Each structure stands twice: as structure tokens, then as C-alpha cells.
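Novice: First the structure, which I've put down as C-alpha cells, then a few questions once you've had a look.
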Amino acid sequence: MARLVAIVGPTGVGKSQLALRLAQVFGGEIVSADSRQVYRYMDIGTAKPTPEELSLVPHHLISIINPDEDFSLAEYQKLAMRAIEDIHQRHRLPLLVGGSGLYLWSVLEGWQIPQVPPDTEFRRSLEERAARAGGDQLYQELARVDPVAAQRIDPRNVRRVIRALEVARYARAPFSQLQRKQAPSFEAVIIGLTTERAELYRRVDQRVDRMIEHGLVEEVRRLVEMGYGLDLPAMSGIGYRQIGLFLRGELTLEEAVRQIKRETHRLIRHQYSWFRLKDERIRWFDIQGDVEAEVGRVVAGFLSR
């Protein structure tokens, strides 16, 4: 059976750098599982690989759509499986890497995603409700009709909350109950990176500061000038929304940065609901140790079986 290495864990823990080294050692290519890195022109705030890193190892599913284009979980899964199959056919090793739990598990568990077509009018009505009363109202509605899906979805991700409500309405069943699984055509080893929460917060705070230094404000300003409004789902991501509010004069830069760090801490806590430390499928490694050597031995053993 074909093999795949998945690298999971919270944002800022070092997944991308480890994947880059493993890909170089084992002849691999990286398939991104990041719900924000799919967008073009959004590089700094999504912590995309640098041009130098992209030149070292082939990367897939990065910068593939414009910020105003729709992109669904089903579309991601289809493209990811296609990329993995192509990598296998060329006798190379796919590394599925990222912190978006929905994206990762849809591939690793072979989700059969409900085929419910989008209803533009229904979505627009819910978007208007969210704009008037806040996204929390929609999230509470989802928690009533499908508590399992609500637990899995970040309350701030209004687009995914709306999609779950849409599926529940038209399929006449909860979104979570409609997700069937079919084992994928590959065997996977799942590597998890973690460390103490305080250290994770310190790392992401430093990364936010570097993003500001490297031009995040200018990146958001350029996106707005290109016509991408803050109401777009792509622009609602952490960093883009706060800097957008700064550019509109609704926040100081200092307050925007504080909010970005606070929301990133919250994201980390949410990610651990997708990647649980007690999940026996995941082989966890503390990044304070010699992670590259330890994981390298695990991957070498997995590939030699």
C-alpha cells in the first residue's frame, strides 16, 4: 500500500519547517492542509513558505484561488487526493501538513462529504443575520440542531457555521451524521508536534511581531486596494480582519496586534480539539526535544516496513 506522512499540531509549532526537512531527506512533496494558504496575495498573514522554501521542495494547494472565490471542504479534499495520487504515481512521498483539522481529517479518514449544493439566497440571509446580530447567534443555532458539528467548528468561522446549517436544512439531517468514511488508498503515519502552552503562546506572539515587521499592514492595504473587502470570508481570518479595522481607523495598530495574538491563542486551544493529545493515532513529539532526529527515525521505520 502507498504511504503518506501527516504532520499535525497547533499553529506556530514548527510543522512546516519539519516537513521541509523530511521532504528533503525522504524524497517527498508537501501537500498543504491550511485553509488560509489556499488564497493568492495573502502570504505574510498566513505564514506561507518563502519563495526559497518553495524552490527547495514541491508544494501543493498553496495560492490556488483568489480571495473572493468560494472554496469548500469538498473541493479541498478532491484536490488534495488528486495531488497525493500524483505524488504516489511519481514514486515520491506525500507529506500532508497543516493545522486545519477539517482539511486533514477529511483526507486521512476518507470522509464522504454530503453532496448538498449551495443555496445562495439562504447563505445571504444568514450572512445578513450574522452582520446584524453577530456570528455567535448562528453558532448557537447550530449548537441546537447539530451539537457535534458545533463542537468541531470554530465559532468565528461564520462561513463553515452557515454551511453546516445549510446541510442540516436541506439534507434534513445533522451535518455530522451525514459524514461517512471510506478508508483511503494509502497507509499513513501521523506525527503530532506540541509543547507547553505558554511556550506556544510565546512563539506565536513573536511570529505576529515578525509579520508586522515584514509588512502585514502593507499586505492588507494592498488587498483592500485590489478590491477585496473585509466582508469576504478570506479577509475574516486572524490578522487580516484586525489590520483591516486598523486601516479603517477603528483600532490602533497596538490594539490590532494585541487582538491578533489573543485570537491566535484561542485558535491554538481550538486546534487541540481536533488533534487530541490522547488520540492514539497520533505520535506526539515535544518540540523542546531533538524532534527532527526522533521523527526521522519514526518515518524511516514506517517506510521500511
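The values are calculated or read from the model by the stated rules, or taken from the named source; none is laboratory data. All figures in this text were calculated on a predicted structure; none of them were measured in a lab. Heads up, the Cβs are rebuilt from the backbone with ideal geometry, glycines too, and the neighbour counts pull from every protein chain shown. Protein only, heavy atoms only, side chains kept; ligands, DNA and RNA dropped before computing areas. Shrake-Rupley method; radii C 1.70, N 1.55, O 1.52, S 1.80 Å.
Novice: One-quarter of the Cα convex hull surface for region 257-305, in nm²?
Specialist: Projected area, direction-averaged: 4.9 nm².
Novice: Please quote Rg/Rh for region 14-156 to two decimal places, taking the Kirkwood radius as Rh and restricting both calculations to Cα atoms.
Specialist: Answer for region 14-156: 1.02.
Novice: Evaluate the Kirkwood expression for the hydrodynamic radius of region 42-95, namely the inverse of the mean inverse distance over all pairs of different C-alpha atoms, and round to one decimal in Å.
Specialist: For region 42-95, the Kirkwood estimate is 12.8 Å.
Novice: Report, to one decimal in Å, the Kirkwood hydrodynamic radius for the chain based on all distinct Cα pairs.
Specialist: Radius from the Kirkwood sum: 20.2 Å.
Novice: While we're on this one: Can you give the accessible area of E219 in Å² (nearest 10), computed on protein heavy atoms with a 1.4 Å probe?
Specialist: 0
Novice: Just to make sure I understand: if all protein chains stay in place, what is the order of H270, H91, H214 by accessible area at 1.4 Å, largest first? Before the final figure, lay out the partial values.
Specialist: Values: H270 40, H91 170, H214 130 Å².
Largest accessible area first, the residues go H91, H214, H270.
Novice: Further, regarding this structure: Give me the net charge for the shell around E127: Cβ to Cβ below 11 angstrom, other residues only, Lys and Arg +1, Asp and Glu -1. Present the calculation step by step, with values, prior to reporting the outcome.
Specialist: On the way: positive: R123, R124, R129, R132, R159; negative: E121, E128, D231.
Result for the neighbourhood of E127: +2.
Novice: So, one more: In Å and whole numbers, how far do the C-alpha atoms of region 92-228 stretch along each principal axis, longest first?
Specialist: So the extents along the principal axes, rounded to whole Å, are 48, 45, 32.
Novice: Here is a further query. Could you tell me the largest-minus-smallest coordinate of the C-alpha atoms of region 69-148 on each of the three principal axes, in descending order and whole angstroms?
Specialist: So the extents along the principal axes, rounded to whole Å, are 52, 24, 20.
Novice: If you average the sequence gap of Cα pairs under 8 Å that are 6 or more apart and divide by the length of the chain, what percent do you get for the contact order?
Specialist: That works out to 26 percent.
Novice: Further question on the same structure: Would you list, by chain and number, the lysines whose Cα falls below 16 Å from the Cα of K78, excluding same-chain residues fewer than 8 positions away?
Specialist: Cross-link targets: K181.
Novice: Could you provide, to the nearest whole Å², the per residue accessible area of the chain with probe 1.4 Å?
Specialist: In whole numbers, the chain has 49 Å² accessible per residue.
Novice: Explain nothing, just the number: relative contact order of region 63-214, from Cα pairs under 8 Å at least 6 residues apart, as a whole percent.
Specialist: About 21 percent, as a whole number.
Novice: Take the alpha-carbon centre of region 250-305, take the same for region 128-158, and report the distance between them in whole Å.
Specialist: 25
Novice: Over the alpha-carbon set of region 173-298, work out the extent along each principal axis and list the three values in angstrom, largest first.
Specialist: Largest to smallest, the principal-axis extents are 49, 44, 22 Å.
Novice: Give the cross-link partners of K15 among the lysines, using a straight C-alpha distance below 20 Å as the criterion and excluding same-chain residues fewer than 8 apart.
Specialist: Here the lysines satisfying the reach criterion relative to K15 are K48, K261, K278.
Novice: How much accessible surface does T50 have with a 1.4 Å probe, in Å² rounded to 10?
Specialist: Approximately 60 Å² of T50 is accessible to the 1.4 Å probe.
Novice: Around Q288, what is the net charge, scoring Lys/Arg as +1 and Asp/Glu as -1 over all other residues with Cβ under 11 Å from its Cβ?
Specialist: Once all neighbours under 11 Å are counted, the net charge is -4.
Novice: Hey, any idea what % of the chain's accessible area is carbon plus sulfur with a 1.4 Å probe?
Specialist: Its accessible area is 49 percent carbon and sulfur atoms.
Novice: Compare S55, S106 by solvent-accessible area with a 1.4 Å probe and give them largest first, with all protein chains kept in place.
Specialist: The ordering from most to least exposed comes out as S55, S106.
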